[in-house]
Each structure stands twice: as C-alpha cells, then as structure tokens.
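Before any comments, here is the structure.
The values are calculated or read from the model by the stated rules, or taken from the named source; none is laboratory data. Worth saying up front: this structure is predicted, and the values here are computed from it rather than measured. Note: ideal-geometry Cβ built from the backbone for every residue, glycine included; neighbour counts use all protein chains shown. Ligands, DNA and RNA are stripped out before the accessible areas are found, and what is left, the full protein with its side chains, is counted by its heavy atoms. Shrake-Rupley method; radii C 1.70, N 1.55, O 1.52, S 1.80 Å.
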Amino acid sequence: MKGLAAANLKMNLTGQQTLSLVKNYIKLIKKTKQDVVVCPSYTALPLVAPVIKKSRLQLGAQDVFYEQKGAFTGEISTDMLKELGCRFSIVGHSERRNYLKETDELVNLKVKWALKAGITPILCIGEDAYSRDGGESFSFVEKQLKACIAGVEKKNIHKVALAYEPIWALSTTANRRDITSREITQMHNYIRKILKDVYDVMAAAQVRILYGGSVNEQNISEILKAENVDGVLVGAASLDARKFARIVAAFDARK
Ligand code: PGA
C-alpha cells in the first residue's frame, strides 16, 4: 500500500504564501513514491492547481459539503473542487468539530458524498484528553468511527483514508502531550480491528490509516516504528517545506 502524507495548512497562509510554499515542496519531493497531498485554503486552490500539475503533489481541500448545489451559503461542492483537480478532502477535522460544532452525523454525510463524487475523504477521528484520561479513548474512537462511516459500503471503504488525530497530541492544543509509538500502535491496531468487524479482513487491510498530531521531521522515525501507520496528516510542520519534505522522505526510506 502506498503511503499518504498530507499537509493540512489550515487557515495559515494567503494564496501567494501558499504558492511559494508549494513551489518549495515541489523542488524537495521530486522523487517520492508516496501519495503527497497538500490541503490549502479554498482561495489558494486555483492558484496551486496549475503549478502542481506536473509534479508529485496532489491537491486536497480542508472540507467539503454534502450537497451538489443550491442554497448553502458559504459551502463548497465536490464539483467545484473537482474542477480544480482536487482529489482529496479532509473531513471531520477536530477543529471543525470543536469550533463549528460538526457532529458525527454531519461528517458521515460528507464522507458519503465525497465518495460518491470520487473525492477521497481524509476522515479525522480522535479523542480528547478527557476521554484518554478517563480510559475511554478506545470506546470513544470506536463510536466516532462507526458513526462517521455508517452506510459506507464494503466495496468503497478502501477509498477512505482515516486519520487518527488525538486532540491531546495536536501541536496547537494547550498542555499538549507527546504520544508514544506504542500508543499509536494500540490505537491503529484497534481501528483496523473495528474495520475488520464492520467489514472483513480484506476490506480492513485496504484502508489507509494515517496518524496526525504534532508529526514533525524529528519524531517521524519514532512514529513510523508504530504498526499500521500508512500515512500522516501534518499541520504545523507542513508550513516549513524542508520539514515536510523530510517527513515524506522518512516514508520513502521505510522498508
Ligand atoms: P499538527 O496538526 O501537526 O500541527 O498537530 C495536525 C492537524 O491538526 O491536522
């Protein structure tokens, strides 16, 4: 299975700033064998799209709506994204769940709609510190994952990329904590098991499970020691092209 390294630029850069970052990405990741996806702000998508055409980079959005068109002020459709060559979209990021009150039900609609439109959802799941400290991280993730993929057929589940992003380990979380590769292994194995229970062994094996939460050029080798890590979703470190390129290179170096 090809690795997937996705850069979540969040609401950090203007279009022009994104463009210069992306040009540096292109220079630094020429030889990768992984899927490398950059997810900039909507306004940067049309600027970035022509520039990455002949490169190894692919384009992703940070969110997508679940209807094709109509009276949905402020939202963006899969057709609009596809017109720009977007093949991926982050869905259900914890920041949207937190600040915009997105629920599992809403995220589920987005996942199903993206799949129908041929866009790969990078579905984010993960517990907060409260659940982790209460010993409920596994039951939390199980409930969240099952709700977000409800109704996704077995033949389509391999088109979903799952990103396990424990909120307590994100770089922007106050009093954040480091995650160990053992903790990543435990959760990623558990996620694989849930997929096996919901679908079957074959289907579960085809789903890419990404880790996200303060991934950087220094901890990537430790993270890659964990089992069932098929990719990463990178926030802060992706704002530095050299750091992001070193993360991608670590995947290429992995046996
Ligand atoms: P981080 O963000 O790498 O800065 O922790 C990851 C994310 O929120 O997707």
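Things to note:
- FRET efficiency, 1/(1 + (r/R0)^6) with R0 51 Å, evaluated for residue 255 and residue 101 via beta carbons: 0.75
- Solvent-accessible surface of segment 4-253, taken per residue with a 1.4 Å probe and all protein chains present: 47 Å².
- For residue 90, neighbours were defined as the other residues whose beta-carbon sits under 11 Å from its Cβ, and their charges (Lys and Arg +1, Asp and Glu -1) total 0.
- Partner aspartates and glutamates whose Cα lies under 16 Å from the Cα of residue 31, excluding those fewer than 8 positions away in the same chain, are identified as 252.
- Between residue 27 and residue 175, the contour length at 0.36 nm per residue exceeds the alpha carbon distance by 49.7 nm.
- In terms of distances greater than 29 angstrom between alpha carbons, the cross-link table entries 10/155; 10/33; 27/112 yield 10/155; 27/112.
- Inter-centroid distance (Cα atoms) of segment 211-255 relative to segment 1-54, Å: 15 Å
- Between residue 183 and residue 16, the distance separating the two model label sites (each 7 Å from Cα on the Cα→Cβ line) works out to 4.1 nm.
- Using a Förster distance of 35 Å, the FRET efficiency for residue 71-residue 222 (Cβ separation, nearest 0.05): 0.15
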